[in-house]
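S.K.: Mind having a look at this structure? Questions to follow.
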Amino acid sequence: MKWLLDWLDHRTGYRQLIHEALYEHIPGGARWRYVWGSTLTFTFTVQIITGLFLWLAYNPSSQTAWESVYYIQYQMWGGWLLRGIHHYTAQAMNILLVLHLLQVVIDGAYKAPREINFWFGLGLLGLVMGLSLTGYLLPWDQKGYWATKVATNIMGVTPVIGPALQKIVVGGVDYGHHTLSRFFALHAGVLPAAVVALIAAHIYLFRKHGITARRPYRKPDARFWPDQVLMDCVACLAVLAAVLFFVVRRRLFDEAGPLGAELGPPADPSEPFPARPEWYFLFLFQFLKYQNVFSALPGSPEVWGAIVAPGVVTAILFLQPVIARRRWGHAFNVTFLWCVLAAVAALTILAIQQDRNDADYQAAVRKIERDAGRVRKLAQSPSGIPPTGAVTLLRNDPLTQGPALFAKNCAGCHRYGGHDALGRKPKDAPSAADLKGFATREWLTGFFDPKQIAEPHYYGATKFKEGKMVRFVQRDVAKYGDTEKLALTNAIIALSAEAGLKARREPDARDAAAIVEGRKAITDTLGCLDCHTFHNKDEDATAPDLTGYGSREWLMGIIADAAHARFYGKRNDRMPRFGVDGALTDREIGLLADWLRGEWYEADGVKAAGHKP
Amino acid sequence: MDSPNKVESPDPSSPERRCFLTKALAAGIGGVVTVIPAAAGLGVLLDPLRRANANGANLIRITTLEALPEDGTPVKFAVVADKTDAWTRHPQAPVGAVYLRRTGPKTIQALNVVCPHAGCFVDYSPDRGEFLCPCHNSSFKLDGTIDNPDSPSPRPLDSLEVAIRNDKEVWVKFQNFRAGVHEKIPEA
């Protein structure tokens, strides 16, 4: 065996290499404060390993990026663990970078003859920040998309080259396929290669000049191997343990909690989300809120705030080795660094606090959490993700779009369970019915209640308050005897059955006999056909057609044109003709109708969707 | 203060046992922290092994009886079906092709166009009245059996289950089979 190793060593000189690597001399012994550089090399290696495996499954295009990340996270063996480690190790690297920088500056390891190594280190800091920025976009979810939009817009503000630079980085004017492929090329190719090159140079220079040992020496001199290596490994283990803790954190105390890194809903340029960078750039985001302090200066305050101010701080950092030549230089450098870190910490905390107290921001965060859960359910449904991508799943989902459409177009007059369907109270008083549970037996029973029909919940806020229907209910229905009450009950069952609501399919099937009786009541005994039509033709009808009442087709018809002869005709109160006037597309009207009827996808085993009164 | 980078053997005054423990721990912990991220990736790497054919083997409507010539000439038809590609569900995407030919007034034979040797697309030659694979010159008779004795194909062209529905629709249970082996094993 030894002859083989001798042969190998003679040809490659590997023993000398290993010796150089392992037996670095450390005056004063191994110390915990020296571990940060190694933890950074370790975390970078973890990112390369996990990144390579992720690369096997990730697909950078605006129609497949989110989808491939969703697949890794929820469909692949251990995908959540792999992605979780990659995500949280990136966060850890940002913290380790600061610790390493702090130790290097405090211990004076940046001073001559180590200036160039220090600059290489600052270069590595920039490259890792670039890796964070490019990586954040790759899942193409709402958070990543809007955060990167802001970042690239800031880039575009750079004087002279800004707009061109932005176009090159974004791959055009719009954010799409090419943005992803360019960012991915940067993230997986260009930047890691640059980091590897700089790390090699960084370690070479560090070894050339030797470690800047911290005085006073506490222990006898030691070698890198095994003493410092052991400390480095323990530190790496602690970092990995922290990363793994964050990966499983939300599942630890909650059986139903999610595993791994979160994945927001797919990027949707038409669905705004208040853009925020990842937490380690929040300080810059917060700083830019104060950019108007620069308004006294010539030029755009944003250039001063986003480019010049950070540029000045970076320049001072680069100049630290030169500044250190002065007697007070080192003290200045250490103080400056602490001040910068304190400011960064303060700005970060301020940003987090302001967001926490911002009701609109919190509502937006809750919405994307809801949407993320919903799109995941839809993606797992039998119809899966269409070729147009997962963003269409949410855009065509009545449960997601219905409330927003209602709040925007209907809640000016109508209500939904007392509010605007998004939980907010509109400022004007209601001037049309509350549509929660529309066409259910419960809703109709309230309608035919003499005490309720003239309330704002039904016709009370409309001109029909003085109309024939209200009079009929308040005068005639109020005096109903038992037989007539039974007939009315059956009529309500029959009318509700016209809607064919998903949640009422079982009761409607059970009460088939009542429906037959009810139809007879409508056409014969109760006198409805004096004004309405119901499975018959009557040109003199003065009230809406009840055929297919509450069905998808009927609802779409009345939303599209309430003033049509089939519905309110010339008696239409104030309801806009959404379809006729083009205010809503067919697709949107369909989404509203489906939502009002409880027709949206639910997985098997979940109770059929429906509006409970 | 600079320390010269001395190249020497380890400090001989350290007790051997402590040195060994330190080395063992360093190597052990170093190994653990490297293996964990790699192991996390292994699942994703090997994930395809546990995936069965997501598209299954269902009867797919191909054409009608009228489209097939009465003299039993084979005709090629594209097979279009709902297809699952990882995360995407394609409605009605091309998934393959078959040769259909009449073997009787209401009976059809369906052959997968893929050559069982290495997977090339087999052509039909009307002049020679048989199938020809352009890759390694196998020829197959109209019923799919191998014609030329030196054909490298391990088995005849793969026949597929056919069902006639409503007296005129031709439905085929479309499947692909493993190339290069004697047995007709469905790809799963």
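The values are calculated or read from the model by the stated rules, or taken from the named source; none is laboratory data. As the structure is a prediction and not an experimental result, all values here were calculated from the model. Counting neighbours? That spans all protein chains shown, and the Cβs are built from the backbone with ideal geometry, glycine included. For accessibility, only protein heavy atoms count, side chains too; no ligands or nucleic acids. Shrake-Rupley method; radii C 1.70, N 1.55, O 1.52, S 1.80 Å.
S.K.: Checking the cross-link filter: which aspartates and glutamates have an alpha carbon closer than 16 Å to that of B:Lys23, excluding same-chain neighbours under 8 positions apart?
M.R.: A:Glu24, A:Asp227, A:Asp232, B:Asp11
S.K.: Same structure, new question: With all protein chains present and a 1.4 Å probe, how do B:Leu45, A:Leu284 order by accessible area, largest first?
M.R.: I get B:Leu45, A:Leu284, largest accessible area first.
S.K.: Put a dot 7 Å past each Cα toward the Cβ at A:Leu341 and A:Ile95; how far apart are the dots in nm?
M.R.: Placing both labels 7 Å beyond Cα along the Cβ direction yields 1.4 nm.
S.K.: Now for a different question. Accessible area per residue for the stretch A:86-222 in Å², computed with a 1.4 Å probe and the full protein assembly in place, what is it?
M.R.: On the way: 6080 Å² over 137 residues.
The answer is 44 Å² per residue.
S.K.: Still on this model: With a ≥ b ≥ c the root eigenvalues of the C-alpha gyration tensor of the protein assembly as shown, is it rounded (a/c under 1.5), prolate (a/b larger than b/c) or oblate?
M.R.: On the way: a/c = 2.82, a/b = 1.44, b/c = 1.96.
Verdict is oblate for the protein assembly as shown.
S.K.: Roughly how much accessible area, to the nearest 100 Å², goes out of reach of solvent when B and A pair up, both sides summed, probe 1.4 Å? Spell out each step's value before the answer.
M.R.: Numbers: alone 12650 and 32490 Å², together 41270 Å².
Chain pair B/A: roughly 3900 Å² of buried accessible area.
S.K.: Now for a different question. Looking at A:Ala499, A:Ala454, A:Thr525, which one has the Cα that reaches farthest to the positive end of the dipole of the stretch A:448-532 (charges on Cβ: Lys, Arg +1; Asp, Glu -1)?
M.R.: Working it through, the farthest residue towards the positive pole turns out to be A:Ala454.
S.K.: What is the distance, in nm, between label points placed 7 Å from the Cα along the Cα-to-Cβ direction at B:Lys184 and at B:Leu49?
M.R.: 3.0
S.K.: Follow-up question, since we're still on this one. The stretch A:223-300 to the stretch B:20-61: how many Å between their Cα centroids?
M.R.: 25
S.K.: Compute the length gained on full extension between A:Glu442 and A:Ala429: take 0.36 nm times their separation in residues and subtract their Cα-Cα distance, giving the result in nm to one decimal. Intermediate values should be presented prior to the final figure.
M.R.: Values: separation 13, 0.36 × 13 = 4.68 nm, distance 2.38 nm.
Full-extension gain reported as 2.3 nm.
S.K.: Now, a different point. Rounded to the nearest 20 debye, what is the charge dipole size of the protein assembly as shown about its Cα centre when +1 sits on each Lys and Arg Cβ and -1 on each Asp and Glu Cβ? Provide the component values of the computation, followed by the final result.
M.R.: Numbers: 88 positive and 78 negative charges, 540 e Å.
With Lys and Arg at +1 and Asp and Glu at -1, about 2600 debye.
S.K.: Follow-up question, since we're still on this one. Could you give the length gained on full extension between A:Ser300 and A:Arg33, defined as 0.36 nm per residue of separation minus the Cα-Cα distance, in nm?
M.R.: Working: separation 267, 0.36 × 267 = 96.12 nm, distance 4.28 nm.
So the chain would gain 91.8 nm between A:Ser300 and A:Arg33.
S.K.: Could you work out what % of the accessible surface of the stretch B:49-172 is carbon and sulfur, using a 1.4 angstrom probe and leaving DNA, RNA and ligands out of the count? Provide the component values of the computation, followed by the final result.
M.R.: Numbers: 3200 of 6430 Å².
C and S fraction of accessible area: 50 percent.
S.K.: Give the accessible area for A:Ser431 in Å² (nearest 10); use a 1.4 Å probe, count only protein heavy atoms, and leave out ligands, DNA and RNA.
M.R.: It works out to around 20 Å².
S.K.: Can you divide the C-alpha Rg of the stretch A:349-457 by 2.2 N^0.38 Å and report the result to two decimal places?
M.R.: On the way: Rg = 18.3 Å, N = 109, 2.2 N^0.38 = 13.1 Å.
That works out to 1.40 for the stretch A:349-457.
S.K.: Let me ask you something else. How would A:Arg376, B:Arg128, B:Arg155 line up by accessible area, probe 1.4 Å, largest first?
M.R.: B:Arg128, A:Arg376, B:Arg155
S.K.: Moving on. Of A:Lys149/A:Lys377; A:Lys485/A:Lys520; A:Lys143/A:Lys289; B:Lys83/B:Lys173, which ones are farther than 21 Å apart at the Cα? Could you put the intermediate results ahead of the total?
M.R.: On the way: A:Lys149/A:Lys377 28 Å; A:Lys485/A:Lys520 14 Å; A:Lys143/A:Lys289 19 Å; B:Lys83/B:Lys173 14 Å.
Check vs 21 Å cut-off fails for A:Lys149/A:Lys377.
S.K.: Let me ask another. Which percent of the Cα-Cα distances in the stretch A:77-226 go past 25 Å? If you can, show how the numbers build up before the last one.
M.R.: Details: 5059 of 11175 pairs.
So the pairs more than 25 Å apart make up 45 percent of the total in the stretch A:77-226.
S.K.: Can I get the semi-axes of the stretch A:516-613's equivalent ellipsoid? Compute them from the C-alpha gyration tensor as square roots of 5 times the eigenvalues, in angstrom, largest first.
M.R.: Here the semi-axes work out to 27, 22, 9 Å.
S.K.: Run the quick spin-label model on A:Ile203 and A:Lys463: label points 7 Å from Cα toward the beta carbon, then report their separation in nm to one decimal.
M.R.: 8.3
S.K.: Mean shadow of the stretch A:410-465, computed from the convex hull of its alpha carbons, in nm²? Write out the running numbers ahead of the final one.
M.R.: Numbers: hull surface 14.7 nm².
For the stretch A:410-465, averaging the hull's shadow over all directions gives 3.7 nm².
S.K.: Another question about this same structure. When the helices in chain B are scored as -39500 (n - 2.57) per DSSP H run of 4 or longer and the sum is shared across all residues, what 222 nm value do you end up with, to the nearest 500 deg cm²/dmol? Present the calculation step by step, with values, prior to reporting the outcome.
M.R.: Working: 1 runs with 31 residues, N = 188.
Value at 222 nm, helices only: -6000 deg cm²/dmol.
S.K.: Find the accessible area per residue for the stretch A:563-608; the probe is 1.4 Å, ligands and nucleic acids are left out, and the unit is Å². Don't skip to the end; give the middle numbers.
M.R.: Values: 2640 Å² over 46 residues.
With all protein chains present, the stretch A:563-608 gives 57 Å² per residue.
S.K.: Along the charge dipole of the stretch A:381-428, which of A:Pro403, A:His414, A:Pro386 sits closest to the positive end, that is, farthest toward it, with unit charges on the beta carbon of Lys, Arg, Asp and Glu (+1, +1, -1, -1)?
M.R.: A:His414
S.K.: From the C-alpha gyration tensor of the stretch A:238-299, pull out the three semi-axes of the equivalent ellipsoid (sqrt of 5λ each), sorted largest to smallest, in whole Å. Write down the numbers at each step before the final one.
M.R.: Numbers: eigenvalues 259, 71, 15 Å².
One finds semi-axes of 36, 19, 9 Å for the stretch A:238-299.
S.K.: How many angstrom lie between the C-alpha centres of the stretch A:308-339 and the stretch A:555-594?
M.R.: Cα centroid to Cα centroid, the span is 68 Å.
S.K.: Full-extension gain between A:Ala509 and A:Lys289, please, as 0.36 nm times their residue separation minus the C-alpha to C-alpha distance. Write out the running numbers ahead of the final one.
M.R.: On the way: separation 220, 0.36 × 220 = 79.20 nm, distance 6.08 nm.
My answer for the length gained is 73.1 nm.
S.K.: Shifting gears a bit: So how tilted is helix B:16-46 from the main axis of chain B? Cα-based, degrees 0 to 90, rounded to 10.
M.R.: Between the helix axis and the principal axis of chain B, the angle is about 20 degrees.
S.K.: Find the percent of Cα-Cα distances in the stretch A:294-417 that exceed 23 Å, and round it to a whole number.
M.R.: Cα-Cα pairs of the stretch A:294-417 separated by over 23 Å account for 64 percent.
S.K.: Per residue, what accessible area does the stretch A:224-363 have, given a 1.4 Å probe and all protein chains present, in Å²? Mind showing how you got there, number by number?
M.R.: Details: 7630 Å² over 140 residues.
I get 55 Å² per residue for the stretch A:224-363.
S.K.: Moving to a separate point now. Give me the one-decimal Kirkwood hydrodynamic radius in Å for the stretch A:216-345, with the sum taken over alpha-carbon pairs.
M.R.: Averaging 1/r across every pair of different Cα atoms and inverting gives 20.2 Å.
S.K.: For A:Lys537, which aspartates and glutamates qualify as cross-link partners when the Cα separation must be under 19 Å and same-chain residues fewer than eight apart are set aside?
M.R.: A:Glu498, A:Asp524, A:Asp545, A:Glu553
S.K.: For chain B, modelled as a GNM with alpha-carbon contacts under 10 angstrom, which of B:Cys115, B:Cys135, B:Cys19 fluctuates the most?
M.R.: The residue that fluctuates most here is B:Cys19.
S.K.: Leaving out ligands, DNA and RNA, and with a 1.4 Å probe, what % of the accessible surface on chain A is carbon or sulfur? Walk me through the numbers before you get to the answer.
M.R.: Details: 19210 of 30620 Å².
On chain A, the fraction of accessible area on carbon and sulfur atoms equals 63 percent.
S.K.: Let me ask something else about it. Set the Förster radius R0 to 56 Å, insert the Cβ-Cβ distance between A:Asn357 and A:His535 as r into 1/(1 + (r/R0)^6), and round the FRET efficiency to 0.05. Intermediate results must be reported in sequence, preceding the final value.
M.R.: Values: r = 58 Å, r/R0 = 1.03.
Working from the Cβ atoms, E equals 0.45.
S.K.: Something else now. At R0 = 30 Å, how high is the FRET efficiency between B:Lys76 and A:His178 if r is their beta carbon distance? Nearest 0.05 is fine.
M.R.: Working: r = 38 Å, r/R0 = 1.28.
The calculated FRET efficiency here is 0.20.
S.K.: Could you name every residue in the stretch A:42-63 that has 40 Å² or more less accessible surface in the full protein assembly than in its own chain alone (probe 1.4 Å, ligands and nucleic acids excluded)?
M.R.: Residues shielded by partner chains are A:Ile49, A:Phe53.
S.K.: Using the Cα atoms of the stretch A:186-272 to build a convex hull, what is its mean projected area in square nanometres?
M.R.: Details: hull surface 45.8 nm².
Convex hull of Cα atoms, orientation-averaged projection: 11.4 nm².
S.K.: I would also like to ask the following. Considering only protein heavy atoms, with the full assembly of protein chains and a 1.4 angstrom probe, order A:Asp586, A:Asp355 by accessible area, largest first. Could the numbers behind the result be given before it?
M.R.: Numbers: A:Asp586 120, A:Asp355 15 Å².
Largest accessible area first, the list is A:Asp586, A:Asp355.
S.K.: Treat every Asp and Glu Cβ in the stretch A:524-613 as -1 and every Lys and Arg Cβ as +1, leave all other atoms uncharged, and give the resulting dipole magnitude about the Cα centre to the nearest 20 debye. Could the numbers behind the result be given before it?
M.R.: On the way: 11 positive and 16 negative charges, 54 e Å.
The dipole magnitude comes to about 260 debye.
S.K.: Another one. Determine, from the Cβ-Cβ distance of A:Asp221 and A:Ala603 and an R0 of 45 Å, the FRET efficiency 1/(1 + (r/R0)^6), rounded to the nearest 0.05. Don't skip to the end; give the middle numbers.
M.R.: Numbers: r = 66 Å, r/R0 = 1.46.
The calculated FRET efficiency here is 0.10.
S.K.: Once the Cα gyration tensor of the stretch A:1-110 is found, what semi-axes does its equivalent ellipsoid get, as square roots of 5 times the eigenvalues, in whole Å, sorted largest first?
M.R.: Values: eigenvalues 274, 130, 23 Å².
Output for the stretch A:1-110: semi-axes of 37, 25, 11 Å.
S.K.: Quick one: what are the phi-derived ³J(HN,Hα) couplings along the stretch B:78-85, Karplus 6.51/-1.76/1.60 with θ = phi - 60°, whole Hz, x for glycine and proline?
M.R.: Whole-Hz 3J(HN,Hα) from phi for the stretch B:78-85: 6, 9, 10, 8, 5, 10, 9, 10.
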